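Here is the structure we will look at, set down as structure tokens.
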Amino acid sequence: MPILFLLISLFWILPTPDLPPGIQRLQKAYPDFIAKADANSITFKDGSVFTYDDGKKNKSFQELLDQPDLEDQFRYPYPQKFPGKEGILVNQDPGRIRFMPFYMKMYGNTQEEVRANLREIIWLPKTIGAKILVTKVNGVDKKLEAISQELDKLPALKQYLENPGGTFLWRVIKGTNRLSMHSFGMTIDINVKYSHYWQWDCKCTNEDAKLGYKNNIPKQVVDIFEKHGFIWGGKWYHYDSMHFEYRPEFL
Ligand SMILES: [Zn+2]
């Protein structure tokens, strides 16, 4: 008995090896789904297991987009700072590298599965009142309602938020075979009229295009979305300033 007691005590005293920061971020971001993790895998509550690092090094930027693992998602840290005139360094796109099976597992593998989780909410009920479809998974509907309530109190921002460009639409990203995050109902495009998208400006879809950063969306809008777990496409070298996506693992 004393030996057993000693072993148990040792177990508690010895530090457990730290998990990679990216795994810790995912665990914190998705408690509804993740049951446990070890140094290189994440286990969901239904028993499915995702490998964190596929061991492949030196992926090109295009490979990071096309064949990422969960670890690659964290290649570029999401900046707290709002981008200024200096723009954004080439390919710094935190959040654009997405290991899709992980998100399909949570939000749905097919359009029908995603639809089964959607709920209609009213976007800025007092000042705009647009109906939008969003997912209930991970409480995204509640988070967007909270964002909506806050923005509704700031009428000076209305022009950027009215005529939202879209939430749920099962589709691939133009010029790619990759599924858009709009397919999951956890992403919103605000008013297209005040927004900039790199593909529209370069009139191209190639990732190695030389881009000049552009943005008109005020920091106040971005701060409110970020507070509720949404990252902003205006913090990407391949900028998409209308685009907000629920990715709390970056914040
Ligand atoms: Zn978008």
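Net charge around Thr51, counting only other residues with Cβ within less than 10 Å of its Cβ (Lys, Arg = +1; Asp, Glu = -1)?
Around Thr51, the surrounding residues sum to -4.
List the DSSP H helices in the chain whose Cα atoms stretch 15 Å or more along the helix axis and whose mean Kyte-Doolittle hydropathy is at least 0.0.
Details: long enough: 2-13 (16 Å, 2.58); 140-152 (18 Å, -0.62).
Once both thresholds are applied, what remains is 2-13.
With every protein chain left in place, what is the accessible area of Glu207 in Å² (1.4 Å probe, nearest 10)?
Approximately 20 Å² of Glu207 is accessible to the 1.4 Å probe.
Assuming 1.567 mPa s and 4 °C, estimate D for the chain with Stokes-Einstein, Rh taken as the Kirkwood radius over Cα pairs, in µm²/s.
Rounded, D is 66 µm²/s.
Near Asn163, within a Cβ-to-Cβ distance under 14 Å, what is the net charge of the other residues, with Lys and Arg +1 and Asp and Glu -1?
Result for the neighbourhood of Asn163: +1.
What number, in nm² with one decimal, is the all-direction average of the projected area of the convex hull of the alpha-carbon atoms of segment 190-251?
Averaging across all directions leaves 4.4 nm² for the Cα convex hull.
How many percent of the accessible area of the chain is carbon or sulfur, using a 1.4 Å probe?
56 percent
For the chain, modelled as a GNM with alpha-carbon contacts under 10 angstrom, which of Ser148, Ser41, Ser195 fluctuates the most?
The residue that fluctuates most here is Ser41.
Over the chain, with the other protein chains present, what is the accessible area per residue in square angstrom, probe 1.4 angstrom? Show your work: numbers first, answer last.
Details: 13080 Å² over 251 residues.
I get 52 Å² per residue for this part.
Determine the calculated [θ] at 222 nm for the chain from helices alone, applying -39500 (n - 2.57) to every DSSP H run no shorter than 4 residues and normalising by the residue count; nearest 500 deg cm²/dmol.
On the way: 9 runs with 71 residues, N = 251.
That comes out to -7500 deg cm²/dmol.
Check Gly166: other-chain or 5+ apart residues with amide H under 5 Å from its amide H, H built from backbone geometry?
Under 5 Å from the amide H of Gly166 lie the amide H atoms of Asp189, each far enough along the sequence or on another chain.
Mean projection of the alpha-carbon convex hull of segment 140-251 over all orientations, in nm²?
Its Cα hull, projected and averaged over all orientations, spans 6.9 nm².
Which value in Å is the Kirkwood Rh of segment 145-201 over different Cα pairs?
Working: mean 1/r = 0.0778 Å⁻¹.
Final number for the Kirkwood radius of segment 145-201 is 12.8 Å.
Assuming R0 = 30 Å, what is the FRET efficiency of Gln62 and Glu112, from their Cβ-Cβ distance, to the nearest 0.05? Display every interim value, and only then the final one.
Numbers: r = 31 Å, r/R0 = 1.03.
Between Gln62 and Glu112 the formula returns 0.45.
The values are calculated or read from the model by the stated rules, or taken from the named source; none is laboratory data. What you are looking at is a predicted structure, and each value in this text was computed from that prediction instead of being measured. Cβ atoms come from the backbone with ideal geometry, glycine included; neighbour counts cover every protein chain shown. What goes into the accessible areas is simple: the full protein's heavy atoms, side chains included, and nothing from ligands, DNA or RNA. Shrake-Rupley method; radii C 1.70, N 1.55, O 1.52, S 1.80 Å.
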